[in-house]
Amino acid sequence: MSETNRKFLLAKRPEGKPDRDTFDLVEADVPDPGPGEALVRTLYLSVDPYMRGRMDAGESYAEPWSVGEPLKGGVVGEVVASNGADVEEGDVVTGNLEWADYVTAPGTDLQPVNPDLAPISTALGVLGMPGRTAYFGTREVAEPKAGDTFVVTGAAGAVGSVAGQIAKLSGARVVGFAGSDEKVSFLEDDLGFDAGINYKDTDDYRAALDDAAPDGVDAYFDNVGGEITDAVFSKLNVDARVAVCGQISLYNAEEMPTGPRKLPKLIETRARVQGFLIGDFAPRFGEATRKLGRWVSSGDVEYRETITEGLENAPDAFLGLFEGENIGKQLVKVGEREA
């Protein structure tokens, strides 16, 4: 075991888009676990768009980080030592932990990961928070059914790619917006979407939807917001359901655009627009993981991971989310299992 522990701190609050100066990599001794705690060596670290909001001082659904505070996110790691925690050395666990090589955490904050069920990295992706977000946002909020047209933005990402496949399993026609021809091919050829739209090569989103969703939109899973959402709203059918999961197009905005201006369409269609947080469904996480696990095992749901090597490159992996560099779940590989 290394005697040095690297970890990232929030160096300053970004104005607009973060950059490498937002992050401060520091070194310290490897910590000792206190009573009821375990020492965990990081194997995989998750970076997610919601973390951008935690870098600001303003109110949000996620508590902001303080400047000088360690950044935190989903981690899969291996227990190195246990001081009365309900885990043992060599166990693989997951939790919301610091961006670090090693971290101590109460055993109550750690959940077991079964390495025999699927690759352990999936506990941060299709079988973790992104997969559960897709599961509940699609099934409980957007509610696609056979014959519906379901549209999802950020469709090649960790959440959108799973949401579209779940909608497809319900019998819906699935249309996904993504940011490259490679991603559109991934949606159509690998995941079975009925149509993909490369928004970066599309000048008229409404016209693209006329082609891809000629019967209008019955269910919309929104990860992006902005002009694409404006176009989708114009195509909503009567009794459409909109699940607002994320608004990544606005996360780095220094001033919020004026709006919304599409609400009259909701009167006409009697559409329902509902924001949701995955924590709302915490008592049912086991249900989602079991169902997703069966779908992954059967091949009904496929997943992809984009993996960046090295803790020192975690900021680049995070910043790349806003450039659309990842397909599927973006992870940082920090270490290898030793057990």
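The values are calculated or read from the model by the stated rules, or taken from the named source; none is laboratory data. Not measured: the values here are computed from a predicted model. Positions of Cβ are generated from backbone atoms using ideal geometry, with glycine treated the same way; all protein chains shown enter the neighbour counts. Surface areas here come from the heavy atoms of the whole protein model, side chains and all, with no ligands, DNA or RNA. Shrake-Rupley method; radii C 1.70, N 1.55, O 1.52, S 1.80 Å.
A few remarks follow.
- Flag if Tyr135 is among the aromatic types (Phe, Trp, Tyr), under 30 Å from Thr153 (Cα atoms) and surrounded by 20 or more Cβ atoms within 10 Å (Cβ to Cβ): yes
- Enumeration of residues in segment 307-328 that are touching a Leu at 6+ places or on another chain (Cβ under 8 Å), under 24 Å from Ala155 (Cα atoms) and open to solvent by 10 Å² or more (accessible area, probe 1.4 Å): Ile307, Thr308
- Checking every residue in segment 239-246 against the condition of being open to solvent by less than 80 Å² (accessible area, probe 1.4 Å) and on the phi > 0 side of the Ramachandran plot gives zero matches.
- Index of the failed condition, Pro144 passing every other in (1) touching a Ser or Thr at 6+ places or on another chain (Cβ under 6 Å); (2) without any contact (Cβ under 8 Å) to a residue 60 or more places away in the chain: (2)
- Strands (runs of 3 or more DSSP E) (entirely within segment 1-72) containing at least 1 residues that are basic (Lys, Arg): 4-10, 37-46
- For segment 1-20, the condition of being surrounded by 17 or more Cβ atoms within 10 Å (Cβ to Cβ) and acidic (Asp, Glu) holds for none of the residues.
- Checking each residue in segment 203-217 for being in a helix (DSSP H, G or I) and in contact with a strand residue (DSSP E or B) (Cβ under 6 Å, 6 or more places away or on another chain) picks out Ala208, Ala212.
- Hits in segment 119-161 - residues which are at positive phi and in contact with a Phe, Trp or Tyr (Cβ under 9 Å, 6 or more places away or on another chain): Gly154
- Candidates Arg52, Arg41, filtered to the one that is touching a residue at least 24 places away in the same chain (Cβ under 8 Å) and open to solvent by less than 10 Å² (accessible area, probe 1.4 Å): Arg52
- The listed residue being in contact (Cβ under 8 Å) with a residue 60 or more places away in the chain and surrounded by fewer than 13 Cβ atoms within 10 Å (Cβ to Cβ), out of Asp181, Asp204, Asp211, Asp215: Asp215
- All of (1) in contact with a strand residue (DSSP E or B) (Cβ under 6 Å, 6 or more places away or on another chain); (2) open to solvent by 30 Å² or more (accessible area, probe 1.4 Å) hold for Lys145 with one exception: (1).
- Look at (1) within 26 Å of Asp280 (Cα to Cα); (2) in a loop (DSSP other than H, G, I, E, B) and you find that Glu88 fails only one, number (1).
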